[in-house]
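Written out below as structure tokens is the structure these notes cover.
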Amino acid sequence: MPKAGTVRRGRRRPRVAIVGAGVVGSVLGRILVEEGGEVVAVVSRSLSSARTAARFIGSRVASTDLRAIPAAAEFVYLTVPHGAIEGVAGELALQSGLNFGHLGVCHASGVLTAEVLEPLARRGATTFSFHPLQTFPRTFAPRMIVPTARGICYGVDGTEAGVRQARRLARALAGRVVRIPPETRVLYHAACVVASNHLTTLMAVLREMFEGIGTTEREFLRMFAPIIEATLANIRRTSPADALSGPVARGGLETVAAHFDAVSRSVPHLLPYFAAISLETVRLARSKGSINDQQAGALRTLITSRLHTMAPATEIS
């Protein structure tokens, strides 16, 4: 990894101020510097946090005061928590030392649109949302996340001028822009939750089932990683429907029934999850065409009946 402050030649250096010294701001600030950009200031409510992030990023300015952002800044990136964006945007709009007519301001929220930055737009700033489509676990050190946050997509909305600025910032981060209509912004974020958080939950479910198997293998991912990786590779090559295999895709009613018996005996609290995902698998298999309507109906009847009759205590309250 190049040292912070090392400039890659041949690229214009965007000057960015980061407000929010958490994991997201620290990771993306570091990538920006490594890609040839400049973080002109790091501002946070905590001076200690601002200094820590600035050291990691390679910025010379760490402060708790928005007035520390120099007039030369071309972008201000708000990586503060979701609930703080509106207040910070309003406070930033009151600053007198910024060249708003030549300033792009964005936030990192996946739910909020560019509308929350309206006070800054009224001052003449070009505003846009700029959500990094990646996972940033707060328990991970920023240096651990940098490799996986380079070259990602950014969910963006805003005016045409805002989207142009977003593309420039994304290029500076070795990433790319995906435009998200404001009216589907929340659905977009829910999809991000499925891609990351629900996948994490799926792995936790898999580990719990693995622990009930009684195998001599100690690490569940060592055992299941090949099938997980092959499934993802098959989906990349084709589509989820084309990559689907297994008993539901074959209409294997007896096998599916046996699975529900085993789950009910060993991990009954997982029955609602297992049933919900099995029903979605039936829908996918039907769209694939590997089962007909009669088979799909029989599978749905089996799944719902087993959920309600075998483990009533597992119903979701």
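The values are calculated or read from the model by the stated rules, or taken from the named source; none is laboratory data. As the structure is a computational prediction, the values presented were derived from the model and not from experiment. Every residue, glycine as well, gets a Cβ built from its backbone with ideal geometry; the counts of neighbours run over all protein chains shown.
Residues to consider are 67, 60; find the one that is of a type outside the set (Gly, Ala, Ser) and in a helix (DSSP H, G or I).
Sole residue among the options that is of a type outside the set (Gly, Ala, Ser) and in a helix (DSSP H, G or I): 67.
The conditions of being farther than 22 Å from residue 190 by Cα and among the aromatic types (Phe, Trp, Tyr) are met by residue 140. Here the range 72-86 is the region considered, the condition is being surrounded by fewer than 21 Cβ atoms within 10 Å (Cβ to Cβ) and among the hydrophobic types (A, V, I, L, M, F, W, C), and the residue that is nearest to residue 41 (Cα to Cα) is 72. Against the list (1) in contact (Cβ under 8 Å) with a residue 60 or more places away in the chain; (2) touching a Ser or Thr at 6+ places or on another chain (Cβ under 6 Å); (3) not β-branched (Val, Ile, Thr), the condition residue 115 fails is (2). Give me the pairs, please: first residue somewhere in the range 164-182 and farther than 22 Å from residue 30 by Cα, second residue anywhere and in a helix (DSSP H, G or I), beta-carbon distance under 6 Å, and either six or more positions apart or on two chains. Short answer, once both residue conditions are applied: 180/188. Look at residue 48 and say whether it is surrounded by fewer than 21 Cβ atoms within 10 Å (Cβ to Cβ), modelled with pLDDT of 95 or more and of a type outside the set (A, V, I, L, M). For residue 48, the condition - surrounded by fewer than 21 Cβ atoms within 10 Å (Cβ to Cβ), modelled with pLDDT of 95 or more and of a type outside the set (A, V, I, L, M) - is met.
Please state which of the following conditions residue 105 fails to meet, knowing it meets all the rest: (1) in contact (Cβ under 8 Å) with a residue 60 or more places away in the chain; (2) aliphatic (A, V, I, L, M); (3) in a strand (DSSP E or B). Of everything listed in (1) in contact (Cβ under 8 Å) with a residue 60 or more places away in the chain; (2) aliphatic (A, V, I, L, M); (3) in a strand (DSSP E or B), residue 105 misses just condition (1). One residue stands out among those in the range 52-71 that are over 25 Å from residue 176 (Cα atoms) and under 26 Å from the mean Cα position of the chain (by Cα): the one that is surrounded by the most Cβ atoms within 10 Å (Cβ to Cβ), which is 52.
State whether one or more residues within the range 276-295 are under 19 Å from residue 251 (Cα atoms), surrounded by 16 or more Cβ atoms within 10 Å (Cβ to Cβ), touching a His at 6+ places or on another chain (Cβ under 9 Å) and modelled with pLDDT of 95 or more. Looking for residues that are under 19 Å from residue 251 (Cα atoms), surrounded by 16 or more Cβ atoms within 10 Å (Cβ to Cβ), touching a His at 6+ places or on another chain (Cβ under 9 Å) and modelled with pLDDT of 95 or more, one finds at least one in the range 276-295, hence yes.
For the range 87-122, residues that are within 25 Å of the chain's Cα centre (by Cα), crowded, with 17+ Cβ neighbours inside 10 Å and not polar (S, T, N, Q) total 12. Residues in the range 16-57 that are part of a helix (DSSP H, G or I) and charged (D, E, K, R): 30, 34, 51, 55. Evaluating residue 190 against the criteria (1) surrounded by 21 or more Cβ atoms within 10 Å (Cβ to Cβ); (2) farther than 22 Å from residue 36 by Cβ; (3) among the small types (Gly, Ala, Ser) leaves one unmet condition, (1).
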